[in-house]
Amino acid sequence: MLAVLGAAALLALPPARTDGPAAAAPPLRVTLPLDPLPVDRGGNGLGLALRRLGTTGRVLYVTAHPDDEDNALLVALSRGRGLHVTLFTLTRGAGGQNEIGPELFQELSVLRTAEVMERGRYDGVEQRFGHASDFGYSYSVDECLERWGREVSLGEVVAAVRRSRPDVMITMPAHDAGGGAAHSASAQLAAEAFRAAADPARYPEQLTHGLRPWQARSLFEAGVGGSGDAGAATLTVDTAAPDPLLGMSATEWGSLARMAHRSQGTRQAKAPLGEFRSALRLALRSVEGGGATSDLFDGVDTTLPALARRLGGPDEALRRAQEAAERARVTFDAVHPEAQRAVLEDGLRALRAAEEAAATAPEETRDALLDRVQEEERDFAAAYVLASGLAVEPVTESAALVPGQEVHVVTRVRLLPGGPAVEQVSVRAPAGFTVSGEPSPAPAPTDPGTMAARHAVAVPAGAPPTEPHWRVDPGAGRDAVLDDTDATALFPPPPLSAVVRLTGAAGSLELEMPVYALRAGPLGEQRVRPVVVPRLSVAVDPGTVLFARGAGLARTVRVHVLPFGEGAGQAEVALTAPLGWTVRPPRGKVAWTHGGEDAAARFAVTPPAGARAGTVELRAVARVAGDEAGAEWRAVSHPPAPELPLVRPAAARAVVLGLGAPAAVRVGYIAGAGDVVPDALRALGLAPRLLGADDLTGDLAGYDTIVLGVRAYETRPDLRAANARLLAFARAGGHLVVQLSRAEFNQTAPLLSGSGSPAKAQSPWAPYPARTDVGRVADETAAIQFLLPRHPLLTTPHRLTAADFAGWVQERGSFLLEAADPHYQEVLGASDPWPQNPGPKKGLLTEAAVGRGTWTYVGLNLFRQVYVGTPGAYRLLANLVARRRAR
């Protein structure tokens, strides 16, 4: 059952403070990034870190999907001005398309999360996610809010405001005609949360969990990806000025950040030089006359002493900290960063005094005051680490933490003369893990300025595997929350981290950094976060088992067991099916000689007599030494985004169709972006041949049908080069099937940056005048109109009915074909119920005679349906490829 949580449960909150000063100040904790960019290291990194000192301004930016943000604006605010920026994204973008791999739905949400982590290395903002589901394109704000659950989604945004306590909020255009209703829905939620977060009567349960009402000063609307309407802007932010520490403008640096969204097709390189501005429109303000006119923070004093005036803080200590911040910036020398150590120590001492005194601040503002003072302490400490030349490198030999086994961590620490002394080196691990040698005193240096500490970490036998704390259910309005410990976080924290305790003139300081393993990858050696893996990973192959002809025919199903532990072993494997189904043998055994060896057992699965068309689940389990494993563990990996784990049930869909025997047709397939349709063709009993560049220049006469994968014209230059030969194949009697393509279908060179807009140009790849556009039918339940009910695509070999279009997920079709020639025949149509997308739509399934053969365009989202096992999609796919070559 879908878990619906109160918004307060979606936040990780610090322990509640009691009145009065603490008996002893705990060590100040600084979390070091796993793999900082070169500009964030050394003297240059110190210069960027100093921008954050003495600046308490905060921004909360609310969007609908990853990639909605204005990246140049984020860089200008976070990197350029040193402001603390939180980006709260309502969905993880699991409903989008994937241009770099086969991942969809849950897998795609994990990939998008990894890409956001990579983007964060460039823009320096804190990312948080809500749990609204990206269910696909929508034309209706009401539909979005209804499917997301308006009140719970609003509660998430309200909690985000109360947690981050922003001075300024930014969101998307409330009336975004081009980007879909989800954008507008997120803007409307942000606008309501702007007021609701300050009202203690709204979501009062959040107050019992440590949040407090908060009123931001202003709310602005910004354009999607930086495409704001300059004509409607009430404020613009210059993002074209060169930044001496970044070596380029915020626009240029923001384009590098945006490149992390690779699965969404952001192929652009560094932005060109030019005059760029981010356009914003003031939507709401909390005080009369309090709207910004020349700057986002007009009327807001973001200095530390202003905290005393706004929140009742200790004025003298905050003033001294502000002076230290300004002296550090004035005396900054990238060649001699150590020269800033003393002034940073002064600032840290002043802030510690301010933190102790803040305990006596008025109760209604105490938490907000402590929050900002402690954040400023962390900023000073981060700068101090860079000024001291400190570096921590905790490395383990394996990225796989196997229950019941042990790994070793070597932590190297680099110190420069005159800095703080190392007091202790330890390894932090979850409850139940055993770390030997902890805490370890500071080891003797192994060479000048460097020391190393060694720890052994024993992983308990029952340690759960590292996995996402959310689950995407296709068709659902909200993602399920599996672990609400910190449900808005990007991902669960790494299980192992090294902690180095230092002592110096500013007191105790702890540096914490995730432990990492080194792994060779396509981009060279990469730092990989260790994760807890299961002793056994169990997977069912194929993931969709198709019983095309109904009862009486067995299908072979393999259960793969992948052991992560060391040494040889064996396991008993069972595959279970619903009552009435037959599985032979009922169980089997697999054995392996070493860890990482894939062992598989084969089963024959037969549906019962009279099995109705539909889908059932097959589940697999493996048992060894009293333990039972029934889940598949694998990594989602697309460098340079970090590798993240994925856990899913060891299950397969068994789909009963009741089709006739597949025709002996010869199918060639030109794979597109993230293509799973070839597997669906194999499930139908066909043997598609994947065609490469050499095949496309060879003889195509041996094929009856050639199918082009989703968005193949975008990703396959060999296809574009061979298009004339493919049309000749059709004219000679072949059947050419083109699955949906985006607007690049209308261009000759879609991968060339700056090649111009496709405007209303006709496609150079279609046999007659036609083009694709953003037209779509967004309602996946929209009634299908059989425009040519006797057409072979609807009758041969299987007669399709409305029942074949039931149970579809996420849109009927998108990037529909706009035919402009009488040769084309429109086979199917549909209409959205939304007034914003009026009128009947064609281009869902379009065919044209080409010589003795045919050319077919499929605008239906067929690739998603076969991925989730929708029965009718397989019947349609069988008809698409059943035609023999005309002679």
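How many angstrom separate the Cα center of the range 558-600 from the Cα center of the range 370-445? Their Cα centres are 41 Å away from one another.
Protection proxy ranking, highest mean first, for peptides 689-696, 616-623: 616-623, 689-696, where packing is the per-residue count of other beta-carbon atoms within 10 Å, averaged. Put simply, when 646-656, 105-115, 32-42 are sorted by average Cβ atoms within 10 angstrom per residue, most first, you get 105-115, 646-656, 32-42.
Using alpha carbons only, the radius of gyration of the range 456-502 set against its Kirkwood radius gives Rg/Rh = 1.11. Which FRET efficiency, nearest 0.05, do A241 and T208 yield, Cβ-Cβ r, R0 51 Å? That gives a FRET efficiency of 0.65.
Helical runs (DSSP H, four residues minimum) scored at -39500 (n - 2.57) apiece and divided by the length of the chain put the mean residue ellipticity at 222 nm at -6500 deg cm²/dmol. Treating r as the C-beta distance of S294 and Y768 and R0 as 45 Å, the FRET efficiency rounds to 0.20. Cα-based radius of gyration for the range 667-881, normalised by 2.2 N^0.38 Å, reads 0.96.
Summarising the overall dimensions of the range 320-419 from its C-alpha atoms, the Rg and Dmax are 18.7, 54 angstrom. The C-alpha atoms of the chain define a longest principal axis, and helix 315-330 lies at about 70 degrees to it.
Most simply put, the chain has about 75% antiparallel DSSP beta bridges, counting only bridges with both residues inside it. Note on the range 536-656: Cα-Cα pairs beyond 24 Å make up 32% of the total pair count. Distance between the modelled labels on R558 and A687, one decimal in nanometres: 1.6 nm (7 Å Cα→Cβ projection). Reducing the range 718-744 and the range 56-127 to their Cα centroids gives an inter-centroid distance of 37 Å. Full extension of the chain between T434 and A421 gives 2.0 nm of extra length, using 0.36 nm per residue less the Cα-Cα distance.
Placing one equal scatterer on every Cα of the range 586-705 and applying the Debye formula, the log10 ratio I(q)/I(0) at q = 0.12, 0.16, 0.21 Å⁻¹ is -0.78, -1.15, -1.26. Arranged from fewest to most other beta-carbon atoms within 10 Å of their beta carbon, L416, L28 become L416, L28.
Karplus-derived 3J(HN,Hα) values for the range 110-122, using 6.51 cos²θ - 1.76 cosθ + 1.60 with θ = phi - 60°, are 5, 4, 4, 5, 4, 5, 5, 4, 5, 4, x, 5, 8 Hz; glycine and proline are entered as x.
May I ask for the angle, rounded to the nearest 10°, between helix 341-358 and the longest principal axis of the chain, with both axes built from Cα atoms and the value confined to 0 to 90°? Helix 341-358 sits at roughly 90 degrees to that axis. Full extension of the chain between T234 and T697 gives 161.0 nm of extra length, using 0.36 nm per residue less the Cα-Cα distance. Under Stokes-Einstein, with the Kirkwood radius over Cα pairs as Rh, the value for the range 391-500 at 37 °C and 0.692 mPa s is 202 µm²/s. Working from label points 7 Å from Cα in the Cα-to-Cβ sense, the R195 to E275 distance is 3.9 nm.
FRET efficiency for the E572 to R790 pair, using the beta carbon distance and R₀ = 35 Å, is estimated at 0.05.
Compared with the direct C-alpha span, the chain from A456 to Q215 gains 81.9 nm at full extension, assuming 0.36 nm per residue.
Across the chain, Cα pairs under 8 Å and at least six residues apart give a relative contact order of 11 percent.
In terms of overall dimensions, the range 57-298 has a Cα radius of gyration and Dmax of 17.1, 52 angstrom. Derived from the Cα gyration tensor, the three semi-axes of the equivalent ellipsoid of the chain are 51, 34, 25 Å, largest first.
Across the range 814-887, counting alpha-carbon atoms alone, Rg and Dmax equal 14.1, 48 Å.
Only the coordinates and a few stated rules stand behind these numbers; no lab work does. Quick caveat, the model's predicted, so the values are computed rather than measured. Note that each Cβ is placed from the backbone with ideal geometry, even for glycine, and that neighbours are counted across all protein chains shown.
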